[in-house]
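The values are calculated or read from the model by the stated rules, or taken from the named source; none is laboratory data. Since this is a predicted model, take the numbers as computed values, not measurements. Glycine also receives a Cβ, built like all others from the backbone with ideal geometry; neighbour counts cover every protein chain displayed.
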Amino acid sequence: MADQSSPPTGTGAGLHRRRRTRLAFQKLGGKRLFGSEANFVRALPAGVPFEALSELQKIFSAEELDELVMPGRTSSQRGSKNQPLSEQESERAVRVAFLTSFAEEVFADDERAHFWLRTPAAVLRGRRPIDLSESEEGAELVEQMLYRIAHGISA
């Protein structure tokens, strides 16, 4: 039997990637901004529209988004000029959007999910789970923690 405490590997990895993409797509504006998930994926290298951050701005403070996605000065410049995010900023925004959506799904309560993402964890050496979205490896660690919570396995 497959271990359900961590993301799938092998043939299940493709389905897993599509699920991650779908959750991020929905959190970053979905059909309203991109029309389709395929358009969303194609937009990533060129940069997602600044407007895609609007859902995240409802959850995270400007200071948090500055730390998680881009520096504040860049954020205000991009917003005023309606410039797309860079590829790296887009990737970080996708990781933040995915982890936020996945936490909301796991906790089945947005407030609890957002609280959990912002609460320093001993297992993370006092870092907040959302802070690990700065890298793919960190995001995968947080994702594994969420899988364990979802399946009732001690994190």
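Overview of values
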{"read-out": "Selected residue (only one of L15, L33, L28, L44 is within 19 Å of E140 (Cβ to Cβ) and either of a type outside the set (A, V, I, L, M) or modelled with pLDDT of 90 or more (or both))", "value": "L44"}
{"read-out": "Breaking point among (1) assigned to a helix (DSSP H, G or I); (2) modelled with pLDDT of 90 or more, for T74", "value": "(2)"}
{"read-out": "Hits in region 126-147 - residues which are surrounded by fewer than 16 Cβ atoms within 10 Å (Cβ to Cβ) and over 18 Å from R92 (Cβ atoms)", "value": "G126, Q144"}
{"read-out": "Pairs where the first residue, in region 49-65, is under 17 Å from L23 (Cα atoms) and the second is small (G, A, S) and modelled with pLDDT of 90 or more, C-beta under 6 Å, 6+ apart", "value": "A52/G29"}
